[in-house]
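The values are calculated or read from the model by the stated rules, or taken from the named source; none is laboratory data. Quick caveat, the model's predicted, so the values are computed rather than measured. With ideal geometry, Cβ positions are generated from the backbone for all residues, glycine too; neighbour counts draw on all protein chains shown. In case anyone asks, the SASA skips ligands and DNA or RNA and just uses the protein heavy atoms, side chains included. Shrake-Rupley method; radii C 1.70, N 1.55, O 1.52, S 1.80 Å.
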Amino acid sequence: EWAHILFFSNEGNPLDPCHIHGRKGERIAKFLVEPDVCLASSYQMTAKELNILEKIVMENTNLIRR
């Protein structure tokens with residue numbers, strides 16, 4: 001179970017493309033949502049955790065983009 005899935009609408013300068021951060025303890029990952037869902041970075045996430053997070057993002061892409 002994920003402790004946090006974070007979305008910031010005004011992150012970066014210039015602004016980053018639409019993305020989310022998934023955090024589980026000290027482990028974190030960033031998935032871009034636009035133009036397509038893809039892993040941008042991760043720190044200490046297991047392959048299983050990244051797959052679960054990617055599935056969550058894919059299932060909620062339209063909601064995240066809105």
For this session: Extending each Cα 7 Å along its Cβ direction at Ile52 and Arg66, get the distance between those two points in nm, one decimal.
Result: 2.6 nm
For this session: First select every other residue whose beta carbon is under 13 angstrom from the beta carbon of Cys18; then total the charges, Lys and Arg +1, Asp and Glu -1.
Result: -1
Seminar exercise, completed: Given a 1.4 Å probe, the accessible area of the chain per residue, as a whole number of Å², is 71 Å²
Exercise. Nearest 10 degrees, 0 to 90: what angle lies between the long axis of helix 47-59 and the longest principal axis of the chain (Cα atoms)?
Worked result: 40 degrees
Exercise. To the nearest 20 debye, what is the magnitude of the charge dipole of the chain about its Cα centre, counting +1 on the Cβ of each Lys and Arg and -1 on the Cβ of each Asp and Glu?
Worked result: 120 debye
Exercise. Over the Cα atoms of the chain, what is the Rg over Rh ratio if Rh follows Kirkwood?
Worked result: 0.94
Problem set entry | Fraction of accessible area attributable to carbon and sulfur, the chain (%, probe 1.4 Å) | 52 percent
Exercise. Tell me which aspartates and glutamates have Cα within less than 18 Å of Lys24's Cα, excluding those fewer than 8 residues away on the same chain?
Worked result: Glu1, Glu49, Glu54
